[in-house]
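Structure record follows, encoded as structure tokens.
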Amino acid sequence: MGRSRRSLPEELLLLALDPATGTTAQPQSLDLGLAGAQLVELALAGRIAPDGDRIAVVMPRPTGDPTLDSALELLRRRGSPVRAVHWIGGPRLGLRQIYLAHLERCGMVHAVAGQMCGVLPTTRYQATETAISRDIRSRLDSAIRTGVPPDPRTAALAALAHAVGLGKHLYPGNEGRSSRSRLRDLIRHDPMGGLVAHAVMDVQNGVAAQPRRNPSAASGNRTAAAVAMQPRRGTMARVAAH
């Protein structure tokens with residue numbers, strides 16, 4: 001079986017996995033979130049650190065996680081700090097499928113083959129280690145319910161869940177409105193998670209955001225729509241999500 005503690009990309013993917021349908025919510029933005037989650041996980045491991053709105057490698061030693069180490073090596077090869085929005089908006093060759101395959105090898109999910117319209121092959125994924133999935137969700141629910149500042153990992157997970165649009169998946173309907181609002185507000189509790197989450201939202205809006213003066217103080221009430229609607233001077237570099 002896999003490790004008792006999952007990496008942040010794995011936790012985000014398990015949160016997005018719908019137990020009823022075996023599919024992932026927000027599949028397009030989820031790939032961006034997984035790329036961002038890799039950055040936060042590398043920061044938690046002491047391999048990278050924020051430098052304004054950029055990401056700098058501070059320790060190139062491998063973590064032992066092949067997928068994370070591949071990202072770390074790519075960052076190292078850049079030679080200088082890279083803007084988070086440019087990194088997250090770069091090409092992503094099946095990052096979601098890579099992590100789904102990894103979770104399947106670890107025994108966390110079970111792949112179920114099927115067909116769409118009786119012709120197109122499809123694959124659905126059912127969680128098998130439900131206790132771990134429940135623990136991940138419980139941490140998030142606790143942070144929302146109690147209002148106690150969460151640990152950096154949970155705060156970053158909340159920030160990324162909000163950034164990729166999982167709020168309505170996790171807390172649907174009118175009854176989930178206050179929980180979605182508190183999920184958004186948790187973005188302020190982790191500087192790296194906040195930086196990455198805002199970068200994910202900026203990429204989805206198709207803009208390379210201006211450097212942020214203090215990513216840790218960014219308001220959780222600042223929505224992606226507000227970012228996109230702000231007047232900008234000069235020519236803005238467009239960033240393709242894929």
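General remarks:
- Restricting segment 149-167 to residues that are assigned to a loop (DSSP other than H, G, I, E, B) and touching a helix residue (DSSP H, G or I) at 6+ places or on another chain (Cβ under 8 Å), the residue that is most open to solvent (accessible area, probe 1.4 Å): P149
- The residue pairs whose first member lies in segment 131-154 and is hydroxyl-bearing (S, T, Y), whose second member is not in a helix (DSSP H, G or I), and whose beta carbons are closer than 9 Å, counting only pairs six or more residues apart or on different chains, are S133/L17; S133/P19; S133/M108; S133/A127; S142/V148; S142/P150; T154/D190.
- Within the set R213, R232, R182, R222, the sole residue that is at pLDDT 65 or above and surrounded by fewer than 21 Cβ atoms within 10 Å (Cβ to Cβ) turns out to be R182.
- From the list A49, A43, A113, the one residue that fits, being touching a helix residue (DSSP H, G or I) at 6+ places or on another chain (Cβ under 7 Å), in a strand (DSSP E or B) and small (G, A, S), is A49.
- From the list L75, L95, the lone residue that is open to solvent by less than 50 Å² (accessible area, probe 1.4 Å), closer than 16 Å to A199 by Cβ, more than 17 Å from the chain's Cα centre (by Cα) and not hydroxyl-bearing (S, T, Y) is L75.
- Some residue of segment 125-135 being under 20 Å from D18 (Cβ atoms), at pLDDT below 95 and touching a Ser or Thr at 6+ places or on another chain (Cβ under 6 Å): yes
The values are calculated or read from the model by the stated rules, or taken from the named source; none is laboratory data. These numbers were taken from a predicted model, which means no experiment stands behind them. FYI the Cβ positions are ideal-geometry reconstructions off the backbone, even for glycines, and counts take in every protein chain you see. Areas reflect the complete protein model, heavy atoms only, side chains present, ligands, DNA and RNA absent. Shrake-Rupley method; radii C 1.70, N 1.55, O 1.52, S 1.80 Å.
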